[in-house]
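Undergrad: Shown below is the structure under consideration.
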Amino acid sequence: MSEEVRDKILRIALQNAQDHGKTQDKIVLGKILGTEPTLRTQVKEIMPIIIEIVNSVNNMSSDQIKRHIQDRFPDLLLEKPKKQEEREGLPPLEGAEQGKVVTRFPPEPNGYPHIGHAKAAIIDEEYAKMYGGKLILRFDDTNPEAERLEYYAAIKVGLDWLEVKYDRIKNTSDDIELLYKKCQQMLDRNFAYVCTCKQETISANRREMKPCKCSMAELEQNHERWDRMFSKFKQGDAIVRFRGDMSSENTVMRDPVMFRIIETKHPLLGDKYRVWPSYDFAVAIEDSIDGVTHAFRTKEYELRNELYYTILDLLEMRKPKVIEFSRLGFEGMPVSKRVLRPLIEEGKVSGYDDPRLPTLEALKRRGIRQDAIRKFVLSLGFTKADTLAPFETLESFNRKSVDADSIRLHMVKNPVTIRIGSLPSSTITMPNHPTKEMGKRTIELGEEFYVESEDVQKMKTGDFIRFMGLGNVKITNQSPAEGQFVGDERGTDIPKIHWVVQKDALKIKILIPSQLFIGEQFNPASLEEINVFTEHHFNELKEGKEIQFVRFGYCRKDSMLQAIYTHK
Ligand SMILES: [Zn+2]
């Protein structure tokens, strides 16, 4: 292996170790193949070199790493490779060629996008970016019973919010005529047949691994029945079935549905068509004709891969590589419409943007940011095991993101009045952020302040308490609470409390979401509403503004007089 390649590997390993403390051979391999596609055929040869270099780098102290970089690759000190760092969790793609990778995000427009969609879309996009390829957004819309126009729009809005950029957008329903042609070919070659059995018979035969008599029919009869699916047959009268193997261990292969009649109007095409392809048939054909090279889908589809590849083999079509990843969800936050719809209908949750839900609308409303979602998804990497992630992990990414932009305000939950004498001035100014330049606000003082009841309970006459941003107060009476302003006397090593000037206090509501389900049970206490007093300044904030209520936590302004608790 050339010196040049060794140098490149060393450079990547040092850079990676500098950014993350340690490096890993898998990561270095992924990065070198990403930048040097010609090495893809030499993985066996370069792997030992990578392992050797990674080991030596991992044995260096951070000072040694820094010195090596200074000596050998001083340019690294100038660039901060943010994008590469973000993709850390994703392994290299098998068979990927630089510039030639095509991925697709294929949502069915049958509901509002949620965290599971976010994961898929982000992985699809990151891989396309990693290899300088393309991402297709394809609405898999061949089941008019479930699909609605508003969901196409909601999915696009969700992707825009996530800042997922796609190179092309299309609908599977655009290709329906082509899908009919492919079906025709399957019928011509006897790879498929039209079955007119009742649903119960079909299910029983599948269980008992028995073919039905339709599968024995002549080609002519199949064609005639296929034609009738477009005219005389009604929904449920006939389906096209793929001729699989009724005795297959893989139940998916037991003559699955390829086309069925659905009389419901399609959200885009109205009643122009009534014969619709199944997901299994459409996805294989579409992926192939769209030029998809790597088709990601969640692990629950794993058994369907055999069918996917078999359909393309029989039709002699190009085969993309199907790759599974685990589905992402949060504990106690279901995404299934079967579970959520009744809750919405019964008013137990307010809608698909209820802050207890993992829909993108809800997460946004709750104050979760798109960059935190992306980092979170990538941090989970590419495990196959289904992940029920703790919401706290997403929160910790989000906290890092919102902290710098959250205005600090005082807010009192359980107010007790304290009267303070000897105030030095009628107004004070307070910085909106402790470290970042976010401006200042002026607060008009009055003698009466709201403070937390639990803070008052701890006070004793003669105590010194620091009123944050104002100064120190000597407690002169416990009940009713009274004090005297004493400036900065007595230092700062005393209890610090927050406060709100009573005459200007603004009453608002804070919604505090928690886990919607505990086990299988709906948690009736999952949304707490508290009425609180905050500073008048809240009025001036735009809807959507992030706030840190001092000593309470991060919130997002939801409406005029309402905020939603994001996290601590
Ligand atoms: Zn049949």
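Undergrad: Considering each of Met253, Met216 in turn, give the residue that is out of contact with any Lys or Arg (no Cβ under 9 Å at 6 or more places or on another chain) and closer than 21 Å to Pro277 by Cα.
TA: Values: Met216 fails: closer than 21 Å to Pro277 by Cα.
After ruling out the rest, the residue left standing is Met253.
Undergrad: A further question on this structure: Could you please find all residues in the range 335-362 being over 16 Å from Ile373 (Cα atoms) and polar (S, T, N, Q)?
TA: Ser336, Ser350
Undergrad: Could I ask something else about it? Give the residue that is farthest from the chain's Cα centre (by Cα), with candidates limited to residues of the range 525-551 that are among the hydrophobic types (A, V, I, L, M, F, W, C) and farther than 23 Å from Glu444 by Cβ. Full working, then the answer.
TA: First pass over the range 525-551, keeping only residues among the hydrophobic types (A, V, I, L, M, F, W, C): 525, 527, 530, 532-533, 538, 541, 547, 549-550.
Subset that is farther than 23 Å from Glu444 by Cβ: 525, 527, 530.
Numbers: Ala525: 25, Leu527: 22, Ile530: 29 Å.
Restricting to residues being among the hydrophobic types (A, V, I, L, M, F, W, C) and farther than 23 Å from Glu444 by Cβ, the top hit is Ile530.
Undergrad: Could you list, in sequence order, all residues of the range 205-220 that are farther than 15 Å from Tyr193 by Cα and more than 14 Å from the ligand (Cβ to nearest atom)?
TA: The answer is Arg207, Met209.
Undergrad: Say we look at the range 223-278 and pick out the residues that are polar (S, T, N, Q) and touching a residue at least 60 places away in the same chain (Cβ under 8 Å); which of these is nearest to Ile311 (Cα to Cα)?
TA: Initially, the range 223-278 is screened for residues polar (S, T, N, Q), giving 231, 235, 247-248, 250-251, 264, 278.
Now restrict to residues that are touching a residue at least 60 places away in the same chain (Cβ under 8 Å): 264, 278.
Numbers: Thr264: 27, Ser278: 13 Å.
Here the answer is Ser278.
Undergrad: Looking only at helices (runs of 4 or more DSSP H) that lie completely in the range 1-80, which have at least 1 residues being more than 29 Å from Val101 (Cβ to Cβ)? Break it down stepwise before answering.
TA: Values: elements: 3-20, 25-35, 43-58, 62-72.
Where helices (runs of 4 or more DSSP H) fall fully within the range 1-80 and carry at least 1 residues being more than 29 Å from Val101 (Cβ to Cβ), they are 3-20, 43-58, 62-72.
Undergrad: On the basis of being in contact (Cβ under 8 Å) with a residue 12 or more places away in the chain and not in a helix (DSSP H, G or I), does Val456 make the cut? Lay out the reasoning, then the answer.
TA: Working: in contact (Cβ under 8 Å) with a residue 12 or more places away in the chain: yes; not in a helix (DSSP H, G or I): no.
Judged against the criteria, Val456 is not a match.
Undergrad: Lys440 is checked against (1) exposed (fewer than 14 other Cβ atoms within 10 Å of the Cβ); (2) over 42 Å from the mean Cα position of the chain (by Cα); (3) modelled with pLDDT of 95 or more and fails just one. What number does that condition carry?
TA: Every condition holds for Lys440 apart from (2).
Undergrad: Go through the range 188-204 and report how many residues are of a type in the set (S, T, N, Q), within 9 Å of the ligand (Cβ to nearest atom) and in contact with a Leu (Cβ under 8 Å, 6 or more places away or on another chain).
TA: Of all residues in the range 188-204, those of a type in the set (S, T, N, Q) come to 190, 196, 199, 201, 203.
Subset that is within 9 Å of the ligand (Cβ to nearest atom): 196, 201.
Subsequent filtering for residues that are in contact with a Leu (Cβ under 8 Å, 6 or more places away or on another chain) retains none.
So the count comes out to 0.
The values are calculated or read from the model by the stated rules, or taken from the named source; none is laboratory data. Predicted model, so just to flag it, every value in this text is computed and none were measured. Every residue, glycine as well, gets a Cβ built from its backbone with ideal geometry; the counts of neighbours run over all protein chains shown.
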